[in-house]
Amino acid sequence: MKNLTERGKEVLSPVLGRYFADFEVDKGEGCYLFGLDGKKYLDFSSGIAVCVIGHAHPNVVAAAQAQTAKLIHICIGIASYEPYIKLAEELAEIAPFKDAQVFLCQSGSEAVEAAIKLARYSSKKTGLAALRGGFHGRTLGALSLTTSKMKYRDGYEPLVPDVHIVDPDLAKIEQLFKQGGIAGIILEPITGEGGYRVQSKELIQGIRKLCDKYNVLLIADEIQSGFGRTGKWFAIEHFGVIPDIICMAKGIASGFPLGGIMAPAALMAKWSPGSHGGTYGGNPVCCAAAIATIKTIKQEKLIDKAAESGRYLSSKLKELQAAQPKIKEVRGLGLMIGVDFGESNMVKKVINECLANGLVIIPTGADGTVIRFIPPLIVSREEIDKALKIFAQAVSHA
């Protein structure tokens, strides 16, 4: 009898990339995944930073089930419905700027596309800038801003015109802005697929000042770093900077397909009705799941917990680094931590041995040289210690 991997090879496009050759799961619960054979895995991938309050959290399950029985879809363009409006209210409450308004879509890439369109439409300028090494998605506009791995762009050029990839250098950024025509610049406060590198406060604050000086919109890509992941609702809050647009997805709805952008009402007012939209964006069930996710983060004080757990995990990983010269650097904020080995083959050995011993961790970085630790925010001290033990053993064998 064929397993899922074998069956998938017959019917799935080979374009789908895999971290593991034949990892198959049946269900998830809390910080754990369960294989088809019942084997239990501690999940420190969170579905790539998506399941921020764990797999199948009872609050999310209950909210989604109740909404499914009531209204699955109508489209916000046809009628207003409670979950869409309520979620927008919840998001406005946690936004780092006043008078926030929301546009909802289905994914991170779509959120970036929406931000691009808002920036161009509102400014009447076409130029877009992105920091080198960033990842912003794989749809054509988002891909044009993405350089974390250049192979993402192979075979798809020419991409969107008037896009400028700039080094994280204030002098070079100002030189670009001086030329005029730049609508917005997008950046990740912590690079996601670019290796979990924390941007410097000097850089982020300097870019904010340049944006103000040259009338350029600052777009914060919080798709991987948002919703408490770094010990703040949004990572940009660590830098003392207020962006003009925030892109959201991943952790927003605990695994339901949802994304969106937020911007102050004054900026959103420049976006004419009907100039952007979508059929499925802000689906009622997804919105119900997102509302439950945000409320759970608040009720269980998971942002403070993420900051505390992150400090503990980072300190233990740095202790391991001191004993294991194979580890070049440990970096990150909250529960968004990268362990840099500087070598991809070693990373592959480590993550595969960890998987064999019941720990799911995945790589990042241009060449896959970094292992990321992104457990659910609910992770316990005991679960962190368990993961560290498995990881340390795998590193010693690599």
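Every number in this text was worked out from the coordinates using simple rules, so none of it is lab data. The model shown is predicted, which means the values in this text are computed figures rather than measured ones. Cβ coordinates were reconstructed from backbone atoms using ideal geometry, including for glycine residues, and neighbour counts include every protein chain displayed.
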**Request:** Have a look at Ile204, Ile78, Ile361 and tell me which one the Gaussian network model of the chain (Cα, springs below 10 Å) gives the largest fluctuation.
**Result:** Ile78
**Item:** Gaussian network model of the chain, springs between alpha carbon atoms under 10 Å - residue of Tyr32, Tyr152, Tyr196 with greatest fluctuation
**Value:** Tyr152
**Asked** Tally Lys and Arg at +1 and Asp and Glu at -1 over the other residues with C-beta under 14 Å from the C-beta of Tyr41: what net charge comes out?
**Response** -4
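What are the equivalent ellipsoid semi-axes of the stretch 172-264, built from the alpha-carbon gyration tensor (square roots of five times its eigenvalues), in whole angstrom, biggest first?
Working: eigenvalues 117, 41, 25 Å².
For the stretch 172-264, the ellipsoid semi-axes come out as 24, 14, 11 Å.
Pop out the Kirkwood hydrodynamic radius of the stretch 335-398 from its pairwise C-alpha distances, inverse of mean 1/r, in Å to one decimal.
Numbers: mean 1/r = 0.0847 Å⁻¹.
Hydrodynamic radius (Kirkwood, Cα only) of the stretch 335-398 equals 11.8 Å.
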**Message:** Going by amide H atoms built from the backbone, whose H comes under 5 Å of the H on Ser254, apart from near neighbours?
**Reply:** Val52
**Prompt:** Each residue of the stretch 56-67 in order: what ³J(HN,Hα) in whole Hz does its phi give by Karplus 6.51 cos²θ - 1.76 cosθ + 1.60, θ = phi - 60°, with x for Gly and Pro?
**Reply:** 6, 4, x, 5, 6, 4, 5, 5, 5, 4, 5, 5
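Which pairs break 32 Å Cα to Cα here: Lys39/Lys151; Lys39/Lys316; Lys40/Lys328? Walk me through the numbers on the way to the answer.
Details: Lys39/Lys151 35 Å; Lys39/Lys316 27 Å; Lys40/Lys328 30 Å.
Over 32 Å Cα-Cα: Lys39/Lys151.
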**Asked** Using a basic spin-label model with each label point 7 Å from the Cα along Cα→Cβ, how many nm lie between Lys151 and Lys98?
**Response** 4.9 nm
**Fill in**
Connecting every pair of Cα atoms under 10 Å apart in the chain and solving the GNM, the largest mean-square fluctuation among Gln299, Gln67, Gln321 falls on Gln299
**Prompt:** Per-residue HN-Hα couplings for the stretch 344-356, Karplus 6.51 cos²θ - 1.76 cosθ + 1.60 at θ = phi - 60°, whole Hz, x for Gly and Pro?
**Reply:** 6, 4, 5, 4, 4, 4, 5, 5, 6, 5, 4, 4, 4
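Can you give the Kirkwood hydrodynamic radius of the stretch 276-317 from its Cα pairs, in Å with one decimal? Before the final figure, lay out the partial values.
On the way: mean 1/r = 0.0792 Å⁻¹.
One over the average 1/r among Cα pairs gives 12.6 Å for the stretch 276-317.
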**Complete:** One checks the Cα atoms of the stretch 59-299 and finds Rg and Dmax, in Å, of 17.4, 56
**Item:** Label-point gap, in nm, between Arg381 and Lys70 - each point 7 angstrom along Cα→Cβ
**Value:** 4.0 nm
**Prompt:** For Ala129, which sequence-distant residues (separation of 5 or more, or a different chain) have an amide H within less than 5 Å of its own amide H, given hydrogens modelled in the peptide plane?
**Reply:** His164, Gly184, Ile185, Ile186
**Asked** In percent, how large is the relative contact order of the chain, given Cα pairs closer than 8 Å and 6 or more residues apart?
**Response** 22 percent
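What range in the chain is the longest one free of GluC sites (Glu not before Pro) that are in a loop by DSSP and have at most 16 other Cβ atoms within 10 angstrom? The partial results should precede the final answer.
On the way: sites that count: Glu24, Glu300, Glu343.
Within the chain, the longest run free of exposed GluC sites (Glu not before Pro) spans 25-299.
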**Asked** What nm value, rounded to one decimal, do you get for the distance between Ala322 and Ala392 when each label is placed 7 Å out toward the C-beta?
**Response** 1.2 nm
**Request:** Please list 57-63, 392-398 highest first by mean number of surrounding beta-carbon atoms within 10 Å per residue.
**Result:** 57-63, 392-398
**Prompt:** Where the centroid of each part is defined by its Cα atoms, how far is the stretch 45-63 from the stretch 311-370 in Å?
**Reply:** 23 Å
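If the chain between His276 and Asn3 were fully stretched, how many nm would it gain, using 0.36 nm times the residue separation less the Cα-Cα distance? Don't skip to the answer; put the middle values down first.
On the way: separation 273, 0.36 × 273 = 98.28 nm, distance 4.27 nm.
Going from the current span to full extension adds 94.0 nm.
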**Complete:** Descending packing, highest mean Cβ count within 10 Å first, for 179-188, 331-340 is 331-340, 179-188
